[in-house]
């Protein structure tokens, strides 16, 4: 009897897993915001540096309990990305089954990762991504309840609603929806968000991509209204990635943002980038960009988790180069 109980306990233990994982993204950046060249050591320019615990437990033959606890940090100085928050990126629990997944808690917003990263050749990261520099979305969401569909003949969707914090009144603090379809080398996708309260922001993102041979072309659009200071723009991003080998890739692109407020504070950006997989877990990257502000626009070159240098004056052009590495474990 004791042996049978021990075997049952071992079987149950084998069906539960907890994985420690992380990403260390460190880069050296040299940027001229319209005055002089400034060197910086960045963390999270391409993919935010993080460490986390991801787990699952098999409840039935096709149903799993899931969770993810993930904190962001700076590889430049070791500090938390959000002071006072131990799980600044993710802290959710959920259930997975053939019909999809449901997650509850703090999460990436559905239009952040991986959705936005599939809309341009730069993965919506580094200073080279004009899509990232010129558009505005909400990256993380508190109190989120999310449904992620399975892949049904190439179609996938994600729907999230976010409840308000206690004391912030009734109703939702936001809702997000994404839709995508993939067939062979072709992909088309669209997403929207609407947040309320002090962080009111309406945004839309979408685009198509097509892979032909060693090249992949991307055409994307974006618009948004809200935030503080107010963002009221729309724009277009064109880019292409070419794989010289399974390890070496190069990208080039152009993005344009149009000011919808009537002040003609437009901006555009030219970009190039290169990636090399030194191993299965270590990637080296380099990027360069020229961002031209028009009128009194104040856009700047930034990374996924890097705040860009403020323009020296309204309308200043921003130029920058960056070299970095990402180690995943």
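Listed values, structure above:
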quantity: Segment 232-252: number of residues that are over 24 Å from residue 208 (Cβ atoms) and assigned to a strand (DSSP E or B); calculated: 2
quantity: Residue count, segment 249-271 (criterion: surrounded by fewer than 20 Cβ atoms within 10 Å (Cβ to Cβ), over 21 Å from residue 316 (Cβ atoms) and at pLDDT 95 or above); calculated: 3
quantity: Qualifying residue in segment 195-206 (condition: out of contact with any strand residue (DSSP E or B) (no Cβ under 6 Å at 6 or more places or on another chain), at pLDDT 95 or above and not in a strand (DSSP E or B)); calculated: no
quantity: Lone qualifier among 48, 78, 84, 34 - being in a loop (DSSP other than H, G, I, E, B), at pLDDT below 95 and surrounded by 17 or more Cβ atoms within 10 Å (Cβ to Cβ); calculated: 48
quantity: Within segment 130-188, tally of residues that are closer than 24 Å to residue 97 by Cα and touching a residue at least 60 places away in the same chain (Cβ under 8 Å); calculated: 4
quantity: Matching residues, segment 125-144, being more than 15 Å from residue 272 (Cβ to Cβ) and assigned to a loop (DSSP other than H, G, I, E, B); calculated: 135, 136, 137, 138, 139
quantity: Scope segment 78-96; condition without any contact (Cβ under 8 Å) to a residue 12 or more places away in the chain and in contact with a strand residue (DSSP E or B) (Cβ under 9 Å, 6 or more places away or on another chain); matching residues; calculated: 79, 80, 82
quantity: Segment 276-309, residues that are free of Cβ contacts under 8 Å to residues at least 60 places away in the same chain, assigned to a strand (DSSP E or B) and closer than 23 Å to residue 73 by Cα; calculated: 282, 283, 284, 286
quantity: Residue check, residue 312 touching a residue at least 24 places away in the same chain (Cβ under 8 Å), over 24 Å from residue 137 (Cα atoms) and assigned to a loop (DSSP other than H, G, I, E, B); calculated: yes
quantity: Filter pass, residue 147 being surrounded by fewer than 16 Cβ atoms within 10 Å (Cβ to Cβ), modelled with pLDDT of 95 or more and in a strand (DSSP E or B); calculated: no
quantity: Identity of the residue in segment 214-231, part of a strand (DSSP E or B) and more than 14 Å from residue 201 (Cβ to Cβ), that ends up farthest from the chain's Cα centre (by Cα); calculated: 215
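The values are calculated or read from the model by the stated rules, or taken from the named source; none is laboratory data. Only a predicted model underlies this, so the values are computations on that prediction, with no experimental measurement involved. So basically every Cβ, Gly included, is an ideal-geometry build from the backbone, and we count neighbours across all protein chains shown.
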